Amino acid sequence: MPGTRTVRNVHQRVVEAPAETVGALLDRLSAPDDPLFPTPVWPAMVLDRPLSVGADGGHGRVRYRVSTHEPGRSVRFDTTDDMGTGYHRFDVEPLGPDRCRMTHTLEMTMGAGAFAFFKLAIEPVHDTMVEESFDNAERAVLGALPHPPARRPARALLVNRLFWVRPAAAPVPDAARLLHEAVPRPDFTDAWRLPLPPGMPRDPEAWRQVLPAQVRATGEHELLLGEDAFHLDYRASVLLDDDSVTLVSAVRLHNALGRLYFALVRHVHPFMARLMLRRAHRRLAFAARPAGERNTRLLPGHT
């Protein structure tokens, strides 16, 4: 059609391991212990059922459906969003008893506008994610990378920063026990929540740097931070569960100065709370162990 463009993007990596060992990794795509997808730095693959023909899902804003799946050898995903028409697929090809080739192929036909956006923003992220998936395959089957990890280009990192998930307002959770005990009758509360993708730390101790405040108490799933002053007391709870992290703030005002001060600060507070939670979330994601190191327990030779 006039104005359309076709993209064909192919990545390959020779892995010094049997094809059946590497191919077994493909069958765990989108599983809770997915060893390939480079989470949590990049969005996880999420499907509405275990990997199989007909499973719907995607990663981030990219949507697709599993159209073919040859266990241990290949899987193909056909696009279902409005970016264009096409597919991406992983294949594992044996090159000998202890050697194989991994291939990722993307082929898409799209309009001129979508093509420009793909070349500008999506392609550098796509290329980085595929190469990091190959890195994870080698980590999983070899125990370590035999070469430096894939480079993250500046443009991919810029897109990552711009599209990093943003905190959403949430009710103050009853589970924030340390906060409720510390400030039983607050004059102000709010809460902001972010999802925790695979690989993010669930230990409250890892979140000590979310705010520049003193640690007041720790619990199994909660970290309490805060500062006291003449005019007000401030407490913040970092509450973690299997799926999310919530930053809860509580303020107790002591006098007229506190009321005047907070009348001004409360308009800035939501922005700063979201900013600091988002920064800590992204920093911890980049510090997390790669999926190929975390998820090796089901592979032969690993315990």
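The values are calculated or read from the model by the stated rules, or taken from the named source; none is laboratory data. Quick caveat, the model's predicted, so the values are computed rather than measured. All Cβ positions, even for glycine, are placed from backbone atoms using ideal geometry, and neighbour counts span all protein chains on display.
Scanning segment 10-50 for residues that are in a loop (DSSP other than H, G, I, E, B) and touching a residue at least 40 places away in the same chain (Cβ under 8 Å) yields a total of 19. Just one of the listed residues (Pro184, Pro173, Pro146) is over 30 Å from His221 (Cα atoms), of a type outside the set (Val, Ile, Thr) and either surrounded by fewer than 19 Cβ atoms within 10 Å (Cβ to Cβ) or at pLDDT below 95 (or both), and it is Pro146. Just checking, does segment 43-58 include any residue being buried (at least 18 other Cβ atoms within 10 Å of the Cβ) and over 19 Å from the mean Cα position of the chain (by Cα)? Yes, segment 43-58 contains at least one residue that is buried (at least 18 other Cβ atoms within 10 Å of the Cβ) and over 19 Å from the mean Cα position of the chain (by Cα).
The residues on offer are Arg252, Arg235, and the sole one that is over 25 Å from the mean Cα position of the chain (by Cα), assigned by TED's automatic domain parsing to the domain that holds Arg193, buried (at least 23 other Cβ atoms within 10 Å of the Cβ) and not small (Gly, Ala, Ser) is Arg235.
Cβ-Cβ distances below 8 Å connect the following pairs, each with a first residue in segment 128-142 that is more than 8 Å from Gly292 (Cα to Cα), a second residue that is modelled with pLDDT of 95 or more and of a type in the set (Gly, Ala, Ser), and a separation of six or more residues or different chains: Thr128/Ala150; Thr128/Ala156; Glu131/Ala150; Glu132/Ala150; Phe134/Ala150; Val141/Ala17; Leu142/Ala17. Restricted to segment 143-157, and to residues that are touching a Ser or Thr at 6+ places or on another chain (Cβ under 7 Å) and outside any helix (DSSP H, G or I), which residue is farthest from Ala291 (Cα to Cα)? Among residues in segment 143-157 that are touching a Ser or Thr at 6+ places or on another chain (Cβ under 7 Å) and outside any helix (DSSP H, G or I), the one farthest from Ala291 (Cα to Cα) is Pro153. Arg185 falls short of the stated requirement of being under 23 Å from Arg279 (Cβ atoms) and not small (Gly, Ala, Ser). Scanning segment 260-278 for residues that are assigned to a helix (DSSP H, G or I) and touching a residue at least 60 places away in the same chain (Cβ under 8 Å), we see that the one that is farthest from Ala191 (Cα to Cα) is Phe262. Condition check: assigned to a strand (DSSP E or B), β-branched (Val, Ile, Thr) and surrounded by 14 or more Cβ atoms within 10 Å (Cβ to Cβ). Does Val92 satisfy that? Yes; evaluated as a whole, the condition is true for this residue.
Look at segment 85-103: where a residue is free of Cβ contacts under 8 Å to residues at least 60 places away in the same chain and a partner is part of a loop (DSSP other than H, G, I, E, B) and of a type in the set (D, E, K, R), sitting 6+ places away or on another chain with Cβ atoms under 9 Å, you get Asp91/Arg73.
Among the residues making up segment 153-196, those that are in contact (Cβ under 8 Å) with a residue 60 or more places away in the chain and among the basic types (Lys, Arg) are Arg161, Arg166, Arg185. Say whether the condition of being on the phi < 0 side of the Ramachandran plot and assigned to a strand (DSSP E or B) is met by at least one residue in segment 200-208. Checked segment 200-208: no residue is on the phi < 0 side of the Ramachandran plot and assigned to a strand (DSSP E or B).
Filtered by the rule that a residue be in a loop (DSSP other than H, G, I, E, B), closer than 18 Å to His269 by Cα and among the aliphatic types (A, V, I, L, M), segment 167-182 gives Ala170, Val172.
Once segment 111-137 is narrowed to residues that are part of a helix (DSSP H, G or I) and touching a Gly at 6+ places or on another chain (Cβ under 7 Å), the residue that is surrounded by the fewest Cβ atoms within 10 Å (Cβ to Cβ) is Ala112. State whether one or more residues within segment 24-39 are of a type in the set (Asp, Glu) and buried (at least 20 other Cβ atoms within 10 Å of the Cβ). Within segment 24-39 (the criterion being of a type in the set (Asp, Glu) and buried (at least 20 other Cβ atoms within 10 Å of the Cβ)), the answer is yes, since at least one residue qualifies.
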